[in-house]
Amino acid sequence: MDRLLGEHGIQQDTPEARQQFERLMEARRLEETDEAALKVFRRGWCLGAEEFRQRMLEQMEGKLGAHHSGELRRESAEAKAERILAEELRRLGWTPEGLATRRKSDPGKLAVAARLRKETTLSIKAIAARVGLGTSKGASSNLHKWMRARPSENTPQGDLEI
């Protein structure tokens with residue numbers, strides 16, 4: 001009993017302390033019917049800071065099954081895309097602002113988009129918006145031409161080209 005009461009800041013097991021505990025439990029029970037108090041728990045799959053959420057998304061990468069929601073799959077794909085984009089920008093020596101100033105058909109942009117297309121489930125529209133390739137139709141056309149011109153880069157290791 002001391003442990004239970006102690007968890008609620010009650011130091012001694014007395015009749016007054018038990019009444020205080022009862023009031024605390026009743027207040028908690030009433031909170032459960034208060035929609036505003038429960039809203040924080042109903043807002044999504046993750047309860048915690050943004051840093052914690054990002055770590056969880058990274059850990060989920062490649063481990064999502066059929067029982068996971070579409071929203072969770074999308075968020076996981078977006079987190080993976082952001083990681084890939086950061087890697088590619090670092091590799092190219094570009095900044096996110098510099099990415100926006102480059103042409104829609106820039107070979108570096110198309111290389112980043114091709115990697116995103118190959119390694120994530122993001123749509124062409126989402127990739128085009130994130131990388132700055134213009135409309136999804138134009139991005140699809142440019143990306144298709146770029147990938148067709150470089151078949152060896154797009155063939156997985158170990159596969160034979162025919």
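Just so you know, all these numbers are worked out from the coordinates, no wet-lab data involved. Please read these numbers as outputs of a predicted model, since none were measured by experiment. Positions of Cβ are backbone-derived with ideal geometry, glycine not excepted, and every protein chain shown enters the neighbour counts.
What shape does the stretch 75-137 have by the C-alpha gyration tensor, where a ≥ b ≥ c are the square roots of the eigenvalues, rounded means a/c under 1.5, and otherwise prolate means a/b greater than b/c and oblate the rest?
It comes out oblate by the Cα gyration axes.
Measuring from label point to label point, each 7 Å out along Cα→Cβ, what is the Gln59 to Thr135 span in nm?
Placing both labels 7 Å beyond Cα along the Cβ direction yields 4.4 nm.
Report the FRET efficiency, 1/(1 + (r/R0)^6), for Glu97 and Ala27, where r is their Cβ-Cβ distance and R0 is 41 Å, rounded to 0.05.
0.20
I need the peptides 7-14, 112-119 ranked by packing, meaning the mean over residues of other C-beta atoms within 10 angstrom, with the highest value on top.
Highest mean packing first, the order is 112-119, 7-14.
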